[in-house]
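One structure is given here, and the rest of the page talks about it.
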Amino acid sequence: MVALAPVASEILNFQLIYLSKVVFFFFFSFSKLQKEKGLIKLDDIKVPSQKLVYTLTIPDASVKDTGDYECTARHATKEVKENKKVVITVHDKGFIHLEPQFSPLEAVNLHEVKNFVVDVQAYPAPKMYWLKDNVTLIENLTEIVTSSNRVQETRFQSVLKLIRAKEEDSGYYTLVAENEDEIKRYTFSLLIQVPALILDLMDDHQGSAGRQTVRCLAEGTPLPDVEWLVCKDIK
């Protein structure tokens with residue numbers, strides 16, 4: 001289990017809530033506890049419905065407080081116990097890590113619905129927004145939607161959703177995540193694949209010169225290859 005990843009000099013709180021119909025003793029152990037930190041405050045609150053709330057508070061947390069913290073609930077008379085461990089990382093300043101779930105170059109078929117998901121680890125909570133070709137993305141609820149939400153205390157997720165992709169949706173998209181200490185960007189290139197289509201086939205006579213030209217007008221993304229066949233090639 002991973003807990004808060006606070007910044008140095010902040011107050012670090014670790015809370016355990018336990019539901020039980022019998023009496024339990026609680027013990028905390030700390031793999032990285034520093035003696036020079038002074039008194040570590042441990043509060044217990046007894047509330048109705050047999051719920052015990054224990055809170056461990058480390059004032060003025062530092063990077064040295066990073067480590068494993070474990071709480072053991074042990075039955076008062078029986079050899080019954082339960083352990084919960086939490087890993088706490090204290091950073092010297094705020095941070096942002098981006099974990100895109102797709103590649104820097106993406107291809108999507110015309111009219112396809114596609115989600116692009118970026119997982120974000122950050123503290124403090126970041127502001128997140130999207131750009132297209134370095135311009136703030138203007139959403140159209142029938143064509144393109146973005147959303148950002150908190151998954152856990154320091155985990156977030158931002159999603160760019162294409163609805164019935166169109167050729168003009170091709171371009172460079174960038175997620176920007178920023179907080180008071182850091183700013184991170186992730187850019188990817190999106191290509192909307194449009195099926196090849198022949199728009200026109202034109203016969204261009206050259207008059208008395210006796211020459212004749214046939215022109216084929218086609219479109220598609222990526223640009224299609226055009227292959228010519230003459231009558232003798234047709235079997």
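Scanning the range 149-170 for residues that are surrounded by fewer than 16 Cβ atoms within 10 Å (Cβ to Cβ), under 17 Å from L190 (Cα atoms) and out of contact with any His (no Cβ under 7 Å at 6 or more places or on another chain) yields K161, K166, E167, E168. Taken as a whole, the condition of being of a type in the set (A, V, I, L, M, F, W, C) and surrounded by fewer than 16 Cβ atoms within 10 Å (Cβ to Cβ) applies to I138. Looking at D225, D181, just one residue is surrounded by 10 or more Cβ atoms within 10 Å (Cβ to Cβ) and of a type in the set (D, E), and that residue is D181.
The numbers here are math on the coordinates, done by the rules we state, and not lab data. Bear in mind the structure is a predicted one, so any value in this text is a computation, not a measurement. When we count neighbours, we look across all protein chains shown, and the Cβ atoms used for this are built from the backbone with ideal geometry, even at glycine.
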